[in-house]
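Take a look at the structure below.
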Amino acid sequence: MRNKGFKIVSNIPRFVKRMKRRSKHATEMLSMEFLKMCDPYTRFDTGELMRSAKTASEFKEGRLIWDTPYARRAYYIGKPSKDKHPKATLQWAHVAYKNNRKRIAKMANELARRG
């Protein structure tokens with residue numbers, strides 16, 4: 001008597017598609033939250049620099065973009081005024097990441113678990 005064997009039906013393509021969708025959602029959520037974490041450290045004069053990040057950023061791709069003619073210079077050079085943002089600093093995204101690293105990791109883990 002010959003063994004007929006068995007057939008495994010895999011839903012791997014569906015699983016991969018679902019994981020990509022979850023990943024995009026998690027990336028978008030983390031990016032939006034991280035932008036909020038950056039706000040207190042961002043230079044603030046008229047508010048245009050912060051507004052530009054809310055409109056120019058590509059949250060689904062995980063890209064935060066401060067899109068003003070002076071954004072690059074403001075990020076690296078000068079002495080930020082602390083009048084409106086007492087925590088304002090150069091390289092505000094790097095500082096925000098350093099100060100919120102554990103919180104970001106926790107959020108990423110929760111989003112990955114939740115899906």
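Only the coordinates and a few stated rules stand behind these numbers; no lab work does. Nothing here was measured: the structure is a model prediction, and the numbers come from that model. In this analysis, Cβ positions are derived from the backbone assuming ideal geometry, glycine residues included, and neighbour counts consider all displayed protein chains.
Quick notes on this structure:
- Charge tally in the Cβ shell below 14 Å around residue 65, where Lys, Arg are +1 and Asp, Glu are -1, residue 65 excluded: +1
- Other residues within the sphere of radius under 13 Å centred on the Cβ of residue 111, judged by their own Cβ, net out at +4 (K and R +1, D and E -1).
- Sorting the Cα pairs of the range 53-97 by distance into bins of 5 Å, from 0 upward, gives 5, 20, 23, 29, 16, 5, 1 percent per bin.
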